[in-house]
Amino acid sequence: MRTAACPICKKTIRFERLSDQPFFPFCSERCKLVDLGRWIDGSYTISRELNEEELEMVEELIEEQVRRMEESEYDRSED
Ligand SMILES: [Zn+2]
């Protein structure tokens, strides 16, 4: 069993293989989204500004992630 700390919430992630952790290096899709959001906010250093096309791509990616997150939460509520 290997461990790593989620860079967002610092929670310990335990896994045997990377394939067990689809959101690696994050503990969850939520933290992955937070990271993406920070990156867009400019909290992270970006070597150049994103052009309009790239921004749209990132926005679409976030929308898709949020949609999937909502769907997975719905799935869990059925357990
Ligand atoms: Zn996390």
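The values are calculated or read from the model by the stated rules, or taken from the named source; none is laboratory data. Quantities reported herein were computed from a predicted structural model and do not represent experimental measurements. Neighbour counts are summed over all protein chains in view; Cβ atoms, including those assigned to glycine, are modelled from backbone coordinates with ideal geometry.
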Exercise for the section: Search the range 1-30 for residues that are more than 21 Å from V66 (Cβ to Cβ) and pair each with any residue that is near the ligand (Cβ under 7 Å from one of its atoms) when their beta-carbon atoms are under 6 Å apart and the residues are at least 6 apart or on different chains. Expected result: I13/C6; I13/C27
Problem - Leading residue by the ranking (nearest to E63 (Cα to Cα)) among those in the range 1-39 that are more than 8 Å from the ligand (Cβ to nearest atom) and assigned to a loop (DSSP other than H, G, I, E, B) - result: F23
Handout entry: Sole exception among (1) of a type in the set (A, V, I, L, M, F, W, C); (2) modelled with pLDDT of 80 or more; (3) over 13 Å from P7 (Cβ atoms) for C27, by number
Key = (3)
Practice task
Return a yes/no flag: does the range 37-51 have any residue that is of a type in the set (D, E) and modelled with pLDDT of 80 or more.
Solution key: no
